[in-house]
Amino acid sequence: ESPTASIAISGGSSPKPMFELFAQSDLDWSRLHVFWVDERAVPPTDPRSNYKLALESWLGPAKVPEANIHRIRAEFLPERAALEYSLDLERHFGAGVPRFDVIHLGMGPDAHTASLFPGEPMILNQTGVVAAVRVEKMHQWRVTLLPATIRNAASIAMLVLGADKQDPLKAVLRGPDDFLTYPAQLARLPQTELFTELPED
């Protein structure tokens with residue numbers, strides 16, 4: 001049996017062009033298992049669904065096998081959706097903290113990443129794998145991977161677009177550790193390589 005790889009992808013508007021590029025490539029998608037970093041508590045048909053975005057722009061057009069697609073069942077109540085997702089992760093990776101080959105993250109203008117927003121207590125959780133979190137500023141529940149899972153990845157790719165993110169990105173890349181204020185600093189690992197178009201100071 002040929003080896004497989006695993007990726008956890010993020011949503012938002014930034015990755016759509018990347019997903020469309022993936023769809024046009026001739027990679028053997030049967031060897032890739034696709035998971036999600038986070039998901040809003042909406043059904044898979046909802047326009048806000050991270051799954052729907054990836055399905056329409058990449059997974060569907062590229063004919064990624066259904067068995068390789070591990071979506072968060074966000075149509076369930078958030079706690080149940082998180083539990084079901086943790087069981088799916090355990091089936092694929094075994095017990096303990098999953099080790100993804102690649103975790104793809106984005107960053108908001110407030111320096112949030114995944115569904116870990118500034119001040120979220122779960123940012124300090126060092127052992128959990130996945131959780132349901134309430135994002136008060138969005139009046140919304142979400143299911144998200146937790147820091148232990150993010151930081152256990154073999155590699156992290158963070159895609160950040162937009163002038164409104166330039167200053168927070170500088171703090172994320174160059175500032176002292178302050179995960180509660182800048183959750184996107186979770187992407188900073190010793191093995192992280194930076195490829196940025198950030199203007200030098």
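The values are calculated or read from the model by the stated rules, or taken from the named source; none is laboratory data. Quick caveat: nothing in here was measured; it's all calculated off a predicted structure. Here the Cβ is made from the backbone with ideal geometry for all residues, glycine too, and neighbour counts use every protein chain on show. Quick note on the areas: whole protein, heavy atoms, side chains included, nothing else; ligands and nucleic acids left out. Shrake-Rupley method; radii C 1.70, N 1.55, O 1.52, S 1.80 Å.
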- Of the residues that make up the stretch 81-95, is at least one under 18 Å from residue 39 (Cβ atoms) and in contact with a helix residue (DSSP H, G or I) (Cβ under 6 Å, 6 or more places away or on another chain)? no
Per the list (1) buried (at least 22 other Cβ atoms within 10 Å of the Cβ); (2) closer than 18 Å to residue 43 by Cα; (3) out of contact with any Ser or Thr (no Cβ under 6 Å at 6 or more places or on another chain), residue check on residue 103 breaks on (2)
Note on residue 89: of the conditions (1) under 24 Å from residue 122 (Cβ atoms); (2) open to solvent by 10 Å² or more (accessible area, probe 1.4 Å); (3) of a type outside the set (Val, Ile, Thr), unmet is (2)
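Would you pick out the residues in the stretch 17-66 that are in contact with a Ser or Thr (Cβ under 6 Å, 6 or more places away or on another chain) and β-branched (Val, Ile, Thr)? Don't jump to the end; show me each part of the working.
Filtering the stretch 17-66 for residues in contact with a Ser or Thr (Cβ under 6 Å, 6 or more places away or on another chain) gives 19-20, 31, 33, 37-38, 42, 65.
Within the stretch 17-66, 37, 42 qualify.
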